[in-house]
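**Student:** Below are the structure tokens for one structure; questions will follow.
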Amino acid sequence: MTQENSILSEIEPEVVDRIAVGRREMFSRYAKMGGIVASAPLALALASNQAFGQSLPSQVVDVLNFALTLEYLEAAFYDQGNKSGVVPREYRAVFRTIGEHENAHVKLLKGVLGSASVAAPAVDFTAGGQYADVFENFETFRLLSQTFEDLGVAAYKGQAGNLMGSGAILTVALQIHSVEARHASEVRRIGLKYGWDSAFDKPLSKNAVLAAATPFLA
Amino acid sequence: MTQTLSRRLLLKWTGANAGIAVAGAMLPNFGISAALAADLGEGDIGVLNYAYALEQLEAAFYTQVIETPFEGITDEETDWLTDIRDHEVEHRDFLKEALGEGAIPDLEVDFSAVDFTSRDSVLATAQTFEDLGVAAYNGAGKLIENGDYLLAAGKIVSVEARHAAAIRDLVNMNSVAFAGDDVVDENGLDVAKEPAEVLAAADPFITTEVTAEALV
């Protein structure tokens, strides 16, 4: 594996569609949630710790559960990685902080969704052996970290339009989105690369994101 | 350093009641013409001009940074800052083109508070601008009515966040500053600011008095 290797760039449109079909089932559960159109004040929900997922429009629940699934994946990745000893001493604070943020995102999204939350997926960060040394070889770990962070940025960006009109929820999604971008920049920099590809970050569709994430779902 | 442009024109455009309501929030009359400001159906123009103003500020800043590098600048720093300059210029030009005739004129900037020979001064200012840009886009997203514009803003804001992290890393390498608790809260959320707050922060770097009046 080289530094330039990128899971995202390997994705072919046809493969995206093929893989996505298999996983679509687990995400289709979201669709039955929702109901009354509401834009409940998020701050209130956070303050009261009272979930209001059932009162959210189904489209919003769908997006938030999609985001939650990615956050579960990221949180599990850093939980395992930070315990494994794969991270060199000089970068431990960085990856510990990123892991804390991902866990905070999981907690936040679960809090908003309440009983409408999807469960955490089973994960396999070796992707069936393709990245067998992910928790032994820092370059593999760093590359997957970069992939997950860039994927998160592209995923939130791609869903922003589906949160239009949701007020505080769109803002929260944007606030997560830029934190993922900060992570991505830092992880790229640690790889001695630029923190960016170009002046404009690209969005990814849900299917494309799922296709990239699917190899890591056990 | 100042750029001689349409200060008088901007001042001319500024009425006593400079705020315009856009999607329930107050946007300052940041050089937006009265004709556009009066039309709430053109609310996205106001948001785009708000972004355009900030990108103008950033582009002008990094242009100066590259023209007059600080003492002891490294090759890596030059590479990064040149890339960032190019991005901000692209953002500025993209927004100008998107706005077309609705675009505000070129703003007059004032970087007299910045010591461009000093690494600390330049990077501290860069960090302020990048974090401010992130907070501005995050706070303005909900004001945007057109999905294409929201997506465009999204494509820009994450690059600003990447810049912010990189600048913070230059200041404090391998620390947690790239996403420090001064910008990321206990919920793992970045800052989102309303336009009035952002423009108050940008005001010292913009020569025209227009923005300060509009924030009231």
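A short reminder: the numbers here are calculations on the coordinates, not readings from a lab. Just so it is clear, the structure is predicted and the values come from calculations on it, not from any experiment. Neighbour counts are summed over all protein chains in view; Cβ atoms, including those assigned to glycine, are modelled from backbone coordinates with ideal geometry.
**Student:** If Lys and Arg each add +1 and Asp and Glu each add -1, what is the summed charge of the other residues whose beta carbon sits under 12 Å from the beta carbon of B:A165?
**Tutor:** Here the charged neighbours net out to -3.
**Student:** Given the Cα-Cα distance of B:T117 and B:D75 and 0.36 nm per residue of separation, how much length would full extension add, in nm?
**Tutor:** Gain in length upon complete extension: 13.5 nm.
**Student:** What is the set of long-range amide H partners of B:V109 at a cut-off below 5 Å, with H atoms built 1.01 Å from backbone N?
**Tutor:** B:Q3, B:T207
**Student:** If you don't mind, another one. Just add up the charged neighbours of B:E186: K/R +1, D/E -1, any other residue whose Cβ is under 12 Å from the Cβ of B:E186.
**Tutor:** -2
**Student:** Which three semi-axes in whole Å describe the equivalent ellipsoid of region A:62-218, each the square root of 5 times a Cα gyration tensor eigenvalue, listed largest first?
**Tutor:** Over the Cα atoms of region A:62-218, the ellipsoid semi-axes are 24, 18, 15 Å.
**Student:** Under 25 Å between alpha carbons, and skipping anything fewer than 8 positions from B:K96 in its own chain: which lysines qualify?
**Tutor:** Cα-Cα hits under 25 Å: A:K157, A:K202, B:K12, B:K142, B:K155, B:K193.
**Student:** Now, a different point. Whole number please: convex hull volume per residue of the Cα set in region B:61-216, in Å³?
**Tutor:** Spelled out: Cα convex hull of region B:61-216, divided by residues, is 128 Å³.
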